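Below is one structure; the comments refer to it alone.
The values are calculated or read from the model by the stated rules, or taken from the named source; none is laboratory data. Quantities reported herein were computed from a predicted structural model and do not represent experimental measurements. Reconstructed Cβ throughout: ideal geometry from the backbone, glycine too, with neighbour counts over all protein chains shown. Heads up: the accessible areas ignore ligands, DNA and RNA and are worked out on the full protein's heavy atoms, side chains in. Shrake-Rupley method; radii C 1.70, N 1.55, O 1.52, S 1.80 Å.
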Amino acid sequence: MSTILYSLVKYVVKTGLYGYHKKIVISGLEHITKDKPVMFLPNHQSALIDVLLIATDCNRKPYFLTRSDVFKGKLLKRIFSYFRMLPIYRMRDGRDTLSNNEAIFNSCAEILNRGEALLLFPEANHNLQRRVRPLSKGFTRILFRTFEMCPALDVQLIPVGFNYKHAAHFPDEVTICYGKPISARSLYDKNDLNTSSIIIKNQISSSLENLTTHIPIDEDYDEILNRLIAEKADFLKPTSVNEKIKVLTQQGIDSSNMPALEKRVFNLFSWLLAFLNFPIIIIWRLWLKPKVPEDEFMGTFRFAFAMISYPIYMTFIFAVIAIVFTPYIAISAICILTLLNVGLVKYGLR
């Protein structure tokens, strides 16, 4: 029963993600081994959306390291534990809580020793900037603890690159690129943990820089990004975008020759979507959207709201039409409205 419920929730979330996004492209799934312990190491841009996109399509059933402040109350702890979420404690949670990580690291080592998969974000924070940020040593500490407890074990490190077109906008498009596995054991020297940590982090960072758009220079970041946007770079294709970044970096940015940014134009399909779903749109824009703390959470809040509000909206419409007309007409109306919404998201909106 437990497995059935997990699979059902996974199917519902996956369906929601594919309905929410205009396009989801996944590459490199062949790199994910099914008979070895795996540590997924993605760049982090869109809060919970990043987690869900991997969890529903990575061909494994991973455990997740999650910020500890969401584990409030016994009910939430039980729910999060059921979905394989483990709390990780940070300095902002209080220095006295950091000691709790020792037990979590041991749990992670046991998970990997069982040949299972673990997902954590090596940047240790999220940001919408199109670049790979410096990696934290937290994931290497888990690796080293694993090798201490299980000396013969080898863990496959899978870098994962997220490439959103407009992570804070709707509908969005995203490419998830799974990189080739890296043997953690081959980079580990128990007699020199500091050097081992540096080497592993450099390897993962280098791989991520190839799997996602990476604008490396701070002082030129905005100029390069604006140039890429103006030239309509396809951020779903990180290899070609990174080649363009290399050229721009070498040539320098001429601000006087900057192409004009594309202006937003009237979109009839956007108005049609708003008309068909006006109660949901009004609640989102006037009540929930202003409460979103950061743009990095925009996709997460919007997706969660849609997953909750849309079934309620559809149920209400069904009830009204069934009372006024017949259940058959109500079912037909719901199906037509759903198809129209999906069609607008996939083919109408920009």
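Relative to one another, the C-alpha centroids of segment 268-292 and segment 5-31 are positioned 24 Å apart. Protection proxy ranking, highest mean first, for peptides 236-242, 154-160, 215-221: 154-160, 236-242, 215-221, where packing is the per-residue count of other beta-carbon atoms within 10 Å, averaged. Site pair D154 and K61 shows an inter-label distance of 2.6 nm when each label is modelled 7 Å from Cα along Cα→Cβ.
With K and R counted +1 and D and E -1, the other residues having a Cβ less than 13 Å from that of L157 yield a net charge of +3.
Helix 138-149 and the long axis of the chain differ in direction by around 50°, with both axes built from C-alpha atoms. For the chain, with all protein chains in place and a probe radius of 1.4 Å, 61% of the accessible heavy-atom surface sits on carbon or sulfur. With the convex hull constructed from alpha-carbon coordinates only, segment 49-169 shows a mean projected area of 8.7 nm² over all directions.
Rg/Rh for segment 29-83 to two decimals, with Rh computed the Kirkwood way over all alpha-carbon pairs. Dividing the radius of gyration by the Kirkwood radius yields 1.00. Segment 313-328 and segment 163-231 have Cα centres spaced 49 Å apart.
Which net charge results for the neighbourhood of E116, defined as the other residues with beta-carbon distances under 13 angstrom from its beta-carbon, given Lys and Arg at +1 and Asp and Glu at -1? My count for the surroundings of E116 gives +4. Eigen-decomposition of the gyration tensor built on the alpha-carbon atoms of segment 136-230 gives equivalent ellipsoid semi-axes of 33, 16, 10 angstrom, largest listed first.
If you sort the three axes of the alpha carbon gyration tensor as a ≥ b ≥ c, you get a/c of 1.5 or more for segment 1-57 and a/b no higher than b/c, which makes it oblate. Pairs of Cα atoms nearer than 8 Å and 6+ residues apart set the relative contact order; for the chain it is 21 percent.
Binning the alpha carbon pair distances of the chain at 10 angstrom intervals from zero yields the distribution 5, 21, 30, 24, 14, 5, 1, 0, expressed in whole percent.
Each DSSP beta bridge with both residues in the chain is either parallel or antiparallel, and the antiparallel ones are about 25%.
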